[in-house]
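Read the structure below first, then the notes.
Rule-based calculations on the coordinates, nothing more; no lab input. None of the values given here were measured: they were computed from a predicted structure. Cβ sites come from the backbone with ideal geometry, for glycine too, and all protein chains shown count toward neighbours.
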Amino acid sequence: MADTKKESPNVYDVAVIGAGPAGLSASVYLSRYKLSNLVLGPEYGGYVSTTHLVEDYLGFLTVSGLELADHFTKHAQNYQDAEVVADKVTEMKQNGKLFDLKTWNGKEYQARSVLIATGTVHNKLDVPGEKEFEGHGVSYCVTCDAAFFKNRRVAIVGGGDSGAKGALHLADFASEVYWIHRRDTFRAEPIWVDRVKEKPNVQFVMENTITEIVGKDNKLTGVKLAKPFEGKSNIALDGVFVEIGSHPDKTLPGMVGATTDGDGNLIVNNHQRTSAEFVWGAGDNTTASALFRQISTAVSEGSIAAGDIYEYLNDPRADWHSKGPIVTD
Ligand SMILES: Cc1cc2nc3c(=O)[nH]c(=O)nc-3n(C[C@H](O)[C@H](O)[C@H](O)COP(=O)(O)OP(=O)(O)OC[C@H]3O[C@@H](n4cnc5c(N)ncnc54)[C@H](O)[C@@H]3O)c2cc1C
């Protein structure tokens with residue numbers, strides 16, 4: 001490849017959008033292929049940086065999310081061909097043979113190809129009071145905010161791994177934790193649920209949902225429930241943590257004409273190619289990860305994408321769809 005950094009400081013072989021496991025893994029491989037790559041992302045490590053503990057990523061028996069995110073970032077930054085920048089892409093469009101990108105911080109970049117690795121955004125409860133008390137008792141990040149609730153009463157909503165690990169982490173700070181789940185069984189790995197059961201200050205509120213978050217003077221004071229719990233239809237609380245899954249944002253794919261499915265997942269083939277030429281996708285935001293969103297899958301997709309980008313940029317005459325069809329419906 002041409003040394004694009006020497007030609008122009010702001011033209012890269014690849015713009016990697018998102019500095020999570022998918023984006024950073026791609027960056028490592030791209031650098032080793034000597035492709036200049038710019039990784040843009042507001043949080044280095046993506047969701048991993050907001051995760052309490054990780055115990056299922058190969059090679060680490062138990063590691064804090066922050067530490068793992070730090071390993072990922074330093075690995076990517078180790079290569080001269082990579083530039084990792086804390087910023088967010090706000091605009092992107094194809095301009096002849098290049099992509100023009102604009103960012104939150106007012107910077108402009110150009111790249112020959114793009115890898116969209118933007119992960120997902122948290123789902124909301126969508127109940128009255130949620131928006132009003134966001135940041136004033138309602139939180140979407142246990143790791144970030146648990147310490148603010150020392151000796152307070154909190155609830156956590158969601159029956160997956162994030163909900164279980166959140167309950168576990170909150171139990172170390174809060175005086176009482178209510179784990180609210182709409183079903184009678186959990187989707188979380190049983191090992192996490194067993195550990196939560198060992199915590200004496202966690203109460204399980206099963207087959208129930210929050211119908212309203214209430215408070216006054218800008219401060220959350222409790223929740224109303226769909227069904228009574230221990231004879232009461234509300235719980236007095238200081239905080240509510242929401243861990244009910246996430247969904248991809250399809251704004252960036254839309255800007256470059258890359259097709260998404262009905263849930264907003266970026267449609268990719270086995271080589272992480274999208275329906276738009278010179279645009280790849282990797283990680284939680286793609287159809288490849290839609291049924292299992294994990295660090296290991298994101299890292300794999302990032303590396304597969306990087307390998308394919310290398311091959312394709314070296315032989316762009318190859319038909320874009322020659323490596324299998326892109327299913328668009
Ligand atoms: C609480 C919690 C606990 C978890 N625990 C585990 C676990 O123990 N083990 C496991 O394997 N997985 C776990 N996961 C899932 C795992 O974190 C994800 O599967 C993984 O981080 C996905 O990586 P990614 O790179 O695809 O996306 P992300 O990690 O979401 O990273 C994407 C990044 O792109 C950024 N971005 C979005 N839009 C833009 C834009 N316009 N411009 C620039 N950047 C943008 C986002 O801000 C984000 O930082 C957990 C997730 C959560 C929420």
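Here are a few things to note about the model shown:
- Out-of-range pairs (alpha-carbon distance over 23 Å; input K150/K219; K88/K250; K74/K250; K74/K165; K199/K219; K165/K219): K74/K250; K74/K165; K199/K219; K165/K219
- Net charge dipole size for the range 72-194 [Lys, Arg +1 and Asp, Glu -1 on Cβ; Debye, nearest 20]: 200
- Of all DSSP beta bridges in the range 17-125, antiparallel share, percent nearest 5: 65
- Going by neighbour counts of Cβ atoms within 10 Å, the residues S296, S303 line up, fewest first, as S296, S303.
- Amide N of the range 213-235 lying under 20 Å from the label point, which is placed 7 angstrom from the Cα of K131 along Cα→Cβ: 213-224
- The range 175-192 residues near the modelled D56 label - backbone nitrogen below 20 Å, point 7 Å along Cα→Cβ: 180-192
- Cα→Cβ-extended label distance, 7 Å offset, between A236 and V214, nm: 1.2
- Summarising the strand pairing of the chain, around 45 percent of its internal DSSP beta bridges are antiparallel.
- If a spin label sat at a point 7 angstrom from the Cα of I191 along the line to its beta carbon, the backbone N atoms of the range 19-62 nearer than 17 Å would be those of 52-62.
- For the pair K227 and E311, the difference between a 0.36 nm per residue extended length and the Cα-Cα distance amounts to 24.5 nm.
- Reduced Cα scattering model of the range 138-242, Debye log10 I(q)/I(0), q = 0.15, 0.24 Å⁻¹: -0.54, -1.41
- Sorting the segments 72-81, 94-103, 236-245 by their residues' average number of neighbouring beta-carbon atoms within 10 angstrom, most packed first, yields 236-245, 72-81, 94-103.
- When F229, F278 are sorted by how many other C-beta atoms sit within 10 angstrom of their C-beta, beginning with the fewest, the order is F229, F278.
- Here the gap between S322 and E67, fully extended at 0.36 nm per residue and compared with their Cα-Cα distance, gives a gain of 87.8 nm.
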